[in-house]
1. Go through segment 66-101 residue by residue and tally those that are loosely packed, with under 14 Cβ neighbours inside 10 Å, in contact (Cβ under 8 Å) with a residue 40 or more places away in the chain and under 22 Å from SER24 (Cα atoms).
2. Within segment 52-62, identify whether any single residue is surrounded by 14 or more Cβ atoms within 10 Å (Cβ to Cβ) and under 20 Å from ARG124 (Cβ atoms), and answer yes or no.
3. Working only within segment 7-27, note down all residues that are in contact with a helix residue (DSSP H, G or I) (Cβ under 8 Å, 6 or more places away or on another chain) and surrounded by 15 or more Cβ atoms within 10 Å (Cβ to Cβ).
4. Restricting attention to segment 106-121, which residues are of a type outside the set (Val, Ile, Thr) and surrounded by 20 or more Cβ atoms within 10 Å (Cβ to Cβ)?
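FYI, it's all coordinate maths here, none of it is from the lab. Note that the structure is a prediction, hence the values are computed from the model and not measured. Ideal geometry is used to build each Cβ from the backbone, glycine not excepted, and the neighbour counts take in all protein chains shown.
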Amino acid sequence: MSISDPISNLIVYLSNATAAGHDSVDIPASSFKNKIADLLQKEGVIVTHTEIEKESFKFLHIQLNPAFTHFKRLSKPGKRWYVKASALPRNKREIIILSTPRGLMTVKDAIKAHVGGELIMEVR
């Protein structure tokens, strides 16, 4: 079965594991999910992530940080949300990830680099 929106799938896995009180979760791997996990680890949202293989399928094994419980998809396949550098949200409480021409980065980094892009997800 193919997944129509793998990023939403990642967010649902993280949200459900956090709500259930699990300390880790295994998510089907892809290079884009791996880049998001790298960024989430850099920001402290997840503790660690490693790529493992189960039954000839690759998975990301993610150790969760219980301090973060809210994961939300911002740009959806039916309604993409692009923002210019001057219109980036400047809320300090949330970690917002966006896809830019320079790669995935947080809004804080995008403001410093003065680059806009597509808002992917927010974490609280």
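1. Residues in segment 66-101 being loosely packed, with under 14 Cβ neighbours inside 10 Å, in contact (Cβ under 8 Å) with a residue 40 or more places away in the chain and under 22 Å from SER24 (Cα atoms): 4 in total.
2. Checked segment 52-62: at least one residue is surrounded by 14 or more Cβ atoms within 10 Å (Cβ to Cβ) and under 20 Å from ARG124 (Cβ atoms).
3. Across segment 7-27, the qualifying residues are ILE7, LEU10, VAL25, ILE27.
4. Result: ALA110, GLY117, LEU119, MET121.
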